[in-house]
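What follows draws every value from the coordinates through simple rules; no lab data is involved. Please read these numbers as outputs of a predicted model, since none were measured by experiment. Cβ atoms come from the backbone with ideal geometry, glycine included; neighbour counts cover every protein chain shown.
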């Protein structure tokens, strides 16, 4: 019996380690795409799924605070959160320095909050995660923006 | 009545106060900063979401027909920090919105400031930065 408990415990620990290793460390395989391509193809679409699920809609019917409701909707949130967390690891794999890595990890951490919210079907947590995601977006965009898309102040 | 006025001073002041972080897409690639616009109309819908929200307003056109305009806002948190909430918007309320016109000529604006006409009439705080 003790052996079984030990084996189950070991398996659970290994599983947890494998599940998080891609997010807490740099991705093992570097994605050949540019940051702009990653943003356009992976990050923005994944973030939008989560942003849209918690949007507030003011119409003639009143103020509606949206939230995922069905299993399929929560699954979509979770899938997007995982994709976003993976993208953070991919950004770190670009090897642009510690500050860049910190910002990328911030996005991953926020995405993992969203994943946990999805796992527990917790709308409040999802809203908090969504705010953290947006903060991560803004923190990074204040520093980094494609040259072809220069901001008004020339940054 | 639709007004199209140049608001360089207001835009410059707001730009300085609203920060320079743009999420997802570039402001400059979509909107022309040299084409400032001021719209007066009634709110039909507001979508309060990240990374940018949307305000839909009906504006009387020059020949009297109703035109629907879409105003892109900044992130909700940025607007909240400047005292604006989703619940401040009521469908049917009259607003004046200043911003930059879309480069493609569509009825889309990057919103910088919203003024609630009824609040202004009552002498209450009426104008808020949209943070775009």
| field | Selection from the range B:96-118 of residues that are touching a helix residue (DSSP H, G or I) at 6+ places or on another chain (Cβ under 9 Å) and either in contact (Cβ under 8 Å) with a residue 60 or more places away in the chain or surrounded by fewer than 21 Cβ atoms within 10 Å (Cβ to Cβ) (or both) | value | B:96, B:98, B:99, B:100, B:102, B:103, B:104, B:108, B:110, B:112, B:113
| message | Could you check the range B:54-82 and list, in sequence order, the residues that are in a loop (DSSP other than H, G, I, E, B) and out of contact with any strand residue (DSSP E or B) (no Cβ under 6 Å at 6 or more places or on another chain)? | response | B:62, B:63, B:64, B:65, B:74, B:75
| Residues of the range B:70-95 being within 21 Å of residue A:60 (Cα to Cα), within 12 Å of chain A (Cβ to nearest Cβ) and free of Cβ contacts under 8 Å to residues at least 40 places away in the same chain, which ones? | B:76, B:85, B:87
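Each row is one residue, and each column tells you yes or no for (1) more than 28 Å from residue B:81 (Cα to Cα); (2) surrounded by fewer than 22 Cβ atoms within 10 Å (Cβ to Cβ); (3) within 14 Å of chain B (Cβ to nearest Cβ).
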{"site": "A:48", "(1), (2), (3)": "no, yes, yes"}
{"site": "A:62", "(1), (2), (3)": "no, yes, yes"}
{"site": "A:67", "(1), (2), (3)": "no, yes, yes"}
{"site": "A:93", "(1), (2), (3)": "yes, yes, no"}
{"site": "A:99", "(1), (2), (3)": "no, yes, no"}
| message | Taking the criterion of being assigned to a helix (DSSP H, G or I), buried (at least 17 other Cβ atoms within 10 Å of the Cβ) and within 11 Å of another protein chain (Cβ to nearest Cβ), would at least one residue in the range A:29-43 satisfy it? | response | yes
| query | In the range B:36-69, which residues are within 18 Å of residue B:110 (Cβ to Cβ) and either away from chain A (no Cβ under 14 Å) or surrounded by fewer than 16 Cβ atoms within 10 Å (Cβ to Cβ) (or both)? | reply | B:37, B:38, B:39, B:40, B:41, B:59, B:67, B:68, B:69
